[in-house]
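For reference, the structure is listed below as structure tokens.
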Amino acid sequence: MTAPNGAILFNNSTGSDTTASGLGAANVYGSGASTTGSSAVVTGISTTGVSAGDLLWVQSSSGRQFSIIASVDSSTQVTCDDVFANTESGRTWAIGGKRATFDNADSRRLFNDDSAAGFIIETETDQSISSVIEITRAATVRGASETQRTVTQTANARSFQVRNGNTYQFQHLKLENTNASKTNAIGIALDSGNPYLVAYKCVFGDSTNQLKNAIARANNTPAARLKYCVIQNCTSDGVVVTYLNNRFVIDNCLITNNGRHGIYSDVQGRGIVVNSIIANNTTYGFYSDHADTHVQFCGNTFYGNGSDAININDMVEGLCSSNLFAGNAGYGINIRNAHSSDIPIGNAFFNNTSGEINGASSIDSITLQSDPFVDAANENFTVNSDTLKAVSYSLNDDTKVYQFSQFMSPVADTSLPQEAGTQVLPFGQWAVTNPEAQLHPLRSS
């Protein structure tokens with residue numbers, strides 16, 4: 001297969017769904033393309049400025065419409081990577097330029113039937129869709145130039161659904177839903193074929209245009225990794241990891257103000273929740289009702305959840321270490337059927353209504369004597385280092401280890417985008433008040 005020359009570009013202001021394919025240095029188009037059934041050759045076009053690796057669009061009456069150009073054969077002919085379904089002539093065609101809308105029926109083929117390995121779909125503008133977009137082959141969907149773009153679903157439907165055993169990446173996007181009904185308003189649904197989802201610097205949900213869930217399983221045993229993501233204001237659970245023997249990683253994420261649990265797992269799960277903030281969710285921060293849950297919780301902040309911060313049947317082969325639990329309306333940690341190996345280690349607690357830990361013993365738990373946050377009531381989770389600086393122990397006469405060293409050195413992570421008034425700190429601590437900018441101050445324009 002021929003490597004694409006770049007990303008397939010969308011712009012709903014300057015792009016076109018009738019005179020552009022989305023990829024190519026030159027934008028040429030017309031209405032005289034001819035295809036032969038079961039052939040990859042297309043004639044009756046102009047190849048001026050066209051190169052192998054550009055994307056050809058032919059508006060066929062049925063079947064394939066898009067294919068990467070493998071070779072430029074003449075001034076009027078190319079051979080593509082893929083065969084076309086029909087013998088037709090006088091068809092609308094285009095190479096290069098920018099497509100306009102995700103929602104266009106022809107454009108949608110780029111996400112599924114006409115997609116190919118290595119496809120990157122970038123949008124330079126916000127997009128609106130009116131039904132779920134199915135993605136069935138490995139692909140990346142992202143905001144162009146590392147800039148956040150909003151994809152608004154107007155139906156009571158999933159925004160995206162991924163399927164088959166491929167890796168799907170979403171980057172620099174905000175997903176929201178404007179429909180009054182939210183029963184199926186999922187940001188990304190993970191369907192059959194055990195797909196693997198990677199979401200990076202994405203925002204799921206909006207205080208007005210809410211989702212039901214940011215991520216949820218639809219079928220089979222998919223896996224997911226979320227890094228530097230915000231999951232907010234969902235009407236139900238923020239993240240639903242309901243899949244057997246799943247692998248999920250939630251890394252440096254903010255999960256806040258969701259209508260039920262922050263993270264919910266009702267089937268045996270294997271995962272990691274690390275360096276994240278799970279705050280102000282209506283019921284539990286993390287909840288699992290399966291007998292065997294294999295989850296690692298390390299370096300997180302659980303704050304202000306409406307019941308237990310973590311409510312779990314057990315943590316077989318799991319670990320709960322170096323987390324901070326404050327202001328939760330239940331226990332910090334509630335293990336309903338603990339095994340002997342379920343021993344939380346080195347966690348700090350402040351003002352959890354029901355207590356620190358229920359159902360298990362612990363090692364080196366720290367009971368803080370004052371509020372560890374600068375202004376958590378306004379979602380500023382910067383840690384007051386004076387509260388934690390005494391939490392240390394000595395390995396020997398010369399070496400002192402600060403158990404919460406990640407909270408002691410508020411050095412900005414300059415690898416992440418910054419904006420005025422925003423300091424992005426490592427290890428789950430962010431000195432900002434805008435939830436959508438908590439982890440990565442993404443811009444919407």
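The values are calculated or read from the model by the stated rules, or taken from the named source; none is laboratory data. These numbers were taken from a predicted model, which means no experiment stands behind them. Methodologically, a virtual Cβ is constructed for each residue, glycine included, from the backbone with ideal geometry; neighbour enumeration extends over all protein chains shown.
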Which condition breaks for D237 when tested against (1) outside any strand (DSSP E or B); (2) under 13 Å from the mean Cα position of the chain (by Cα)? (2)
Please find, among G97, G22, G49, G53, the residue that is on the phi > 0 side of the Ramachandran plot, part of a loop (DSSP other than H, G, I, E, B) and surrounded by fewer than 15 Cβ atoms within 10 Å (Cβ to Cβ). G49
Screening N246, N281 for residues that are over 19 Å from D314 (Cβ atoms) and either surrounded by fewer than 24 Cβ atoms within 10 Å (Cβ to Cβ) or at pLDDT 90 or above (or both) leaves only N281
Could you give every pair whose Cβ atoms fall below 7 Å, whose first residue belongs to the stretch 164-181 and is more than 17 Å from R217 (Cβ to Cβ), and whose second residue is among the charged types (D, E, K, R) and surrounded by 21 or more Cβ atoms within 10 Å (Cβ to Cβ), counting only separations of at least 6 or pairs across chains? Q171/R142; Q171/K201; H172/R142; H172/R149; H172/K201; L173/R142; L173/R149
Check the stretch 295-302 and report whether any residue there is part of a loop (DSSP other than H, G, I, E, B) and of a type in the set (A, V, I, L, M, F, W, C). no
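From T136, T123, which residue is touching a helix residue (DSSP H, G or I) at 6+ places or on another chain (Cβ under 7 Å) and either more than 20 Å from N11 (Cβ to Cβ) or buried (at least 18 other Cβ atoms within 10 Å of the Cβ) (or both)?
Working: T136 fails: touching a helix residue (DSSP H, G or I) at 6+ places or on another chain (Cβ under 7 Å).
So the residue among T136, T123 that is touching a helix residue (DSSP H, G or I) at 6+ places or on another chain (Cβ under 7 Å) and either more than 20 Å from N11 (Cβ to Cβ) or buried (at least 18 other Cβ atoms within 10 Å of the Cβ) (or both) is T123.
Yes/no matrix, rows are residues, columns are (1) free of Cβ contacts under 8 Å to residues at least 60 places away in the same chain; (2) outside the structural domain of A116 (by TED's automatic domain parsing); (3) more than 33 Å from the chain's Cα centre (by Cα):
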position	(1), (2), (3)
T19	no, yes, no
T35	yes, yes, yes
T47	yes, yes, yes
S67	yes, yes, no
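What do you reckon, is I255 over 16 Å from I186 (Cα atoms) and either at pLDDT below 95 or under 15 Å from the mean Cα position of the chain (by Cα) (or both)?
On the way: over 16 Å from I186 (Cα atoms): no; either at pLDDT below 95 or under 15 Å from the mean Cα position of the chain (by Cα) (or both): yes.
Spelling it out, it is not the case that I255 is over 16 Å from I186 (Cα atoms) and either at pLDDT below 95 or under 15 Å from the mean Cα position of the chain (by Cα) (or both).
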Answer from N209, N213 - the residue that is of a type outside the set (K, R), closer than 24 Å to N281 by Cα, surrounded by 24 or more Cβ atoms within 10 Å (Cβ to Cβ) and touching a strand residue (DSSP E or B) at 6+ places or on another chain (Cβ under 7 Å): N213
